[in-house]
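Chemist: Structure in structure tokens, see below.
The values are calculated or read from the model by the stated rules, or taken from the named source; none is laboratory data. Note that the structure is predicted; figures quoted are calculated from it, not measured. Because the Cβ atoms are built from the backbone with ideal geometry, glycine has one as well, and the counts that use them run over all protein chains shown. Each accessible area value is taken on the protein alone, full model and side chains, heavy atoms only, with ligands, DNA and RNA left out. Shrake-Rupley method; radii C 1.70, N 1.55, O 1.52, S 1.80 Å.
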Amino acid sequence: HKKLMPTLAKYPNNPILIIDDDVYRTTEWLNAFVETHKKYPNDIIVGAFWKKFSLQNGNVIEQICMNDTYRTTKYANKVMVGYKPANGTGGTLYPPGTFTDKRFFDKELYMKLSPSSDETWQFCFNIIEGRTFRQLPIAHNERFIDDSQKVAMNKNPGRYKQIYSDLYKVFPEFKVNMIKVLK
């Protein structure tokens, strides 16, 4: 939250690319975001997806999908329904006007409900607002800077379950829209 929120406030009419600073990038990576954004200016362009959602007995179930979506171009330029971006790892480009719901910017709310996962907060509002995720046309080949992942949110998957539970309670339209998308 400490990077995206001030950037959105300062540059509301610009596309914003979220990236982690502990991943090495290929030379074609940035150009692929720029060119894909030009072709699909209203879509959220995503370099990699790490979760896939499905319905099981009326419940939203998440599973890791990195083995299916990383290091491949099989989803190049495809709309990815039911997938959650690996925001910083693969990079995520938000077009201008992506976040229009005033609750998204409520610092007290996001620090209470999703303090340690800004990407889940962003994903929640992308689903609430019916945004389209599109896969970057190049394969994501992550290579982390040595020892940068010793402490990471993905090391505590139970924490994500709590965040989703809290978000579903406070924003019932999040869960309703997830179910609609997955049907």
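Chemist: Using DSSP to define loop residues, name the chymotrypsin sites (Phe, Trp or Tyr not before Pro) in the range 1-40 whose beta-carbon has at most 13 other beta-carbon atoms within 10 Å.
Modeler: Passing both the DSSP loop test and the Cβ count: Tyr24.
Chemist: Assign unit charges at the C-beta atoms only (+1 for Lys and Arg, -1 for Asp and Glu), then state the dipole size of the chain relative to its Cα centre in Debye, rounded to the nearest 20. Present the calculation step by step, with values, prior to reporting the outcome.
Modeler: Working: 27 positive and 19 negative charges, 85 e Å.
For this selection, approximately 420 debye.
Chemist: Here are some pairs, Lys74/Lys180; Lys51/Lys161; Lys161/Lys183; Lys112/Lys169; which of them have Cα atoms lying more than 19 Å apart in this structure?
Modeler: Where the Cα-Cα span goes over 19 Å, the pairs concerned are Lys74/Lys180; Lys161/Lys183.
Chemist: Please grab the % of Cα pairs in the chain that end up more than 24 Å from each other.
Modeler: Roughly 36 percent, rounded to a whole number.
Chemist: Would you list which lysines come within 18 Å of Lys39, measuring only between C-alpha atoms, while excluding same-chain residues fewer than 8 positions from it?
Modeler: Lys78
Chemist: Separate question: For Thr100, tell me the accessible area in Å² from a 1.4 Å probe, rounded to the nearest 10.
Modeler: That residue has around 90 Å² of solvent-accessible surface.
Chemist: Please compute the length gained on full extension between Lys74 and Leu55, using 0.36 nm multiplied by the number of residues separating them and subtracting their Cα-Cα distance.
Modeler: Between Lys74 and Leu55, full extension yields 4.5 nm more.
Chemist: Now for a different question. Which of Thr120, Thr89, Thr27 moves most in a GNM of the chain, Cα contacts under 10 Å?
Modeler: Looking only at Thr120, Thr89, Thr27, the largest GNM fluctuation is found for Thr27.
Chemist: I'd like the antiparallel share, as a percent to the nearest 5, of DSSP beta bridges with both residues in the chain. Mind showing how you got there, number by number?
Modeler: Numbers: 16 of 19 bridges.
Within the chain, antiparallel bridges account for around 85 percent of the total.
Chemist: Using 0.36 nm per residue of separation minus the Cα-Cα distance, give me the extension gain between Leu30 and Thr132 in nm, one decimal.
Modeler: Gain on stretching Leu30 to Thr132: 34.7 nm.
Chemist: Taking the Cα atoms of the range 1-107 alone, what are Rg (to one decimal) and Dmax (as a whole number) in Å?
Modeler: 14.9, 44
Chemist: Roughly how many percent of the accessible protein surface of the chain is carbon and sulfur, given a 1.4 Å probe and a whole-percent answer?
Modeler: Summing carbon and sulfur atoms, their accessible area is 50 percent of the total for the chain.
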